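Chemist: After the structure tokens below, expect a handful of questions from me.
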Amino acid sequence: MKENHHDVVRKQFSKQAPRFGETGRPLASREYLDWMVTNLDLEPHWRVLDVAAGTGHLGRAIAPHVRRVVAVDITPQMLNAGVSQAEEDGISNIVFAQSLAEQVPHPNDTFDIVVSRFAIHHFEHPNISITEMVRVCRLGGRVAVIDLVMPDDDALAATYNRLERLRDPSHTRALSVRELEGLLQGAGLEIIQTISCDVDVSVDHWLDLTGTSPEIGRAIVEELAQELKGLKATGMRPFLRNNELMFEQTWLIVVGEK
Ligand SMILES: C[S@@+](CC[C@H](N)C(=O)[O-])C[C@H]1O[C@@H](n2cnc3c(N)ncnc32)[C@H](O)[C@@H]1O
């Protein structure tokens, strides 16, 4: 039987779960989490939903600033790692539950803010998940999406997304800033904030997290090396730092009001 995309996601993230919180990875970086939390303008009485929360990096960073966080994800191993980490950190106002982003088990208008970080590019139908996030957000509340973004140039974005999918088959398509804003607007939200930052990523660390095979890793590195020689651009903006191959990601926070 053909694997569906949810199976592909679960297989990928059950593999990544034990390593997801390792220090030194940009995803776990305190500096970037602080940047995200600061830009969400949280209020102490807020009830928060973190969708496709994984191990709850963002939800756990948000928890000390709000009343309660619910973190949902499709991959049990990611949720279990999040529960252990929250216990270790003494965070008691976060709960983890298994749920699809496309069908969240909460009534309409339940949360003050619904967030989702680095997950849209794993969804087959991001519009369905965003509509669901808007449904469970109260009127006047916020939906905040944080994700890596693609260049505006369609050809570059297609190459960059192809390399991401080679590295990790659970990657569907990361969007451009314009497309992400359009996604939120299409779900009826008014955009109230868009902010981005550039993040340097080690190609070795990036391939290591997803357990990409050495053969595929070499093929990706070869395309990046070609770009460094001035040949075909990949959209990934590769560069060398002390002889280490790096590339530059752009991370975006886009916040809409319901
Ligand atoms: C790159 S991880 C990001 C985790 C977390 N949001 C963070 O920023 O650290 C992507 C997560 O999305 C989850 N995911 C992907 N598709 C999903 C879906 N349709 N429903 C729920 N979770 C999903 C995966 O299980 C994984 O934990």
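Chemist: Send over the Kirkwood Rh of segment 25-95, from the inverse of the averaged 1/r over different Cα pairs, rounded to one decimal Å.
Modeler: Details: mean 1/r = 0.0826 Å⁻¹.
So the Kirkwood estimate lands at 12.1 Å.
Chemist: Place a +1 charge on the Cβ of each Lys and Arg in segment 175-258 and a -1 charge on the Cβ of each Asp and Glu, then give the dipole magnitude about the Cα centre in debye, rounded to the nearest 20.
Modeler: Roughly 160 debye, rounded to the nearest 20.
Chemist: Pick from R237, R117, R167: which residue has the top mean-square fluctuation in a GNM of the chain where Cα pairs under 10 Å get a spring?
Modeler: R237
Chemist: Continuing with the same structure: Note the direction-averaged projected area, equal to a quarter of the hull surface, for the Cα convex hull of segment 61-129, in nm². Could the numbers behind the result be given before it?
Modeler: Details: hull surface 20.2 nm².
Hull-based average projected area comes out at 5.1 nm².
Chemist: How much length, in nm to one decimal, is gained on full extension between V83 and R165, taken as 0.36 nm per residue of separation minus their Cα-Cα distance?
Modeler: Values: separation 82, 0.36 × 82 = 29.52 nm, distance 2.89 nm.
Length gained, V83 through R165: 26.6 nm.
Chemist: Project the alpha carbons of the chain onto their principal axes and report the range along each, largest first, in whole Å.
Modeler: That works out to 53, 44, 37 Å along the principal axes.
Chemist: How far apart, in nm, are two points set 7 Å out from the Cα along the Cα-to-Cβ line at S213 and at S196?
Modeler: Once both label points are built, they end up 3.4 nm from each other.
Chemist: How many percent of Cα pairs in segment 23-168 exceed 18 Å?
Modeler: Working: 6065 of 10585 pairs.
Distances greater than 18 Å cover 57 percent of the Cα pairs.
Chemist: Any idea of the accessible area per residue across the chain, 1.4 Å probe, to the nearest Å²?
Modeler: Values: 11890 Å² over 258 residues.
Value for the chain: 46 Å² per residue.
Chemist: Right, something else. Quick query: amide H of L42 versus all other amide H atoms, modeled in the peptide plane; which residues come in under 5 Å with a sequence gap of 5 or more or a different chain?
Modeler: none
Chemist: If I model a spin label as a point 7 Å beyond the Cα along the Cα-Cβ vector, how far apart are those points for H125 and L139 in nm?
Modeler: 2.8 nm
Chemist: What list of ³J(HN,Hα) couplings, whole Hz, do you get for segment 113-124 from phi and the Karplus terms 6.51, -1.76, 1.60, once you set θ to phi - 60° and write x for glycine and proline?
Modeler: Once θ is set to phi - 60°, the couplings for segment 113-124 become 9, 10, 10, 8, 10, 6, 10, 3, 6, 9, 8, 6 Hz.
Chemist: Assuming 1.306 mPa s and 10 °C, estimate D for segment 113-258 with Stokes-Einstein, Rh taken as the Kirkwood radius over Cα pairs, in µm²/s. Numbers along the way, then the final one.
Modeler: Values: Rh = 16.2 Å.
Taking Rh from Cα pairs, D becomes 98 µm²/s.
Chemist: To continue, here is another question. Just to check I understand the Karplus step: with θ = phi - 60° and J = 6.51 cos²θ - 1.76 cosθ + 1.60, what whole-Hz values come out for segment 94-108, glycine and proline as x?
Modeler: Karplus values, whole Hz, x for Gly and Pro: 10, 10, 10, 8, 7, 6, 6, 5, 7, 8, 8, x, 9, x, 4.
Chemist: When the accessible area of the chain is computed with all protein chains present and a 1.4 Å probe, what percentage of it is carbon and sulfur? Present the calculation step by step, with values, prior to reporting the outcome.
Modeler: Details: 6050 of 11890 Å².
Carbon and sulfur atoms account for 51 percent of the accessible area of the chain.
The values are calculated or read from the model by the stated rules, or taken from the named source; none is laboratory data. A quick note: this is a predicted structure, and the numbers were derived from the prediction, not measured. No Cβ is skipped: glycine too gets one built from the backbone with ideal geometry, and neighbour counts run over all protein chains shown. Remember, those area values only see protein heavy atoms, side chains included, never the ligands or the DNA or RNA. Shrake-Rupley method; radii C 1.70, N 1.55, O 1.52, S 1.80 Å.
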